[in-house]
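For reference, the structure discussed in these notes is given below.
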Amino acid sequence: MTSAMDALRKDLGSHLDTVGWGLFLLLSGLVLLVPTLPDGTWLTGVGTIVVGLGAVRASLGLPVSSFWTIIGVGLVVAGIGTIAGLALPWFALLLVVCGAAILIEEFVRWPRVA
């Protein structure tokens with residue numbers, strides 16, 4: 001029974017990944033087709049997709065990547081900031097936060113020697 005449940009969870013996770021790619025491509029195409037959208041729309045949209053799919057995964061008990069959650073939140077913040085006219089080095093800040101998150105997560109999981 002556990003093997004069947006694991007297969008179902010893996011299949012569901014795969015379907016969610018496919019939905020995410022579909023939403024990403026749809027959003028990207030729409031942003032290119034509608035040039036009057038404000039700068040930052042694409043960033044906000046992609047971040048919303050990433051965070052939204054993470055929330056769906058969490059609600060279904062599927063594993064959620066903390067790395068992609070941080071990326072998604074960073075994209076939403078950068079997009080909203082760009083739409084609001086804040087001129088900050090969003091990409092550089094996102095890289096610093098992601099690097100720090102990876103290191104922190106790795107050291108938290110580091111095997112402790114007794």
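Annotations for the structure displayed:
- Counting only helices (runs of 4 or more DSSP H) wholly contained in segment 1-95, the ones carrying 1 or more residues that are polar (S, T, N, Q), without any contact (Cβ under 8 Å) to a residue 40 or more places away in the chain and surrounded by 14 or more Cβ atoms within 10 Å (Cβ to Cβ) occupy 41-59, 66-84.
- Unique match (being under 16 Å from the mean Cα position of the chain (by Cα), of a type in the set (A, V, I, L, M, F, W, C) and over 19 Å from H15 (Cβ atoms)) among V97, V64, V56, V51: V97
Computed from the coordinates by the stated procedures, all read-outs in this text should not be read as laboratory data. Computed from a predicted model, the values in this text were never measured in an experiment. Using ideal geometry, Cβ is built from the backbone for each residue, glycine included, and neighbour counts are taken over all protein chains shown.
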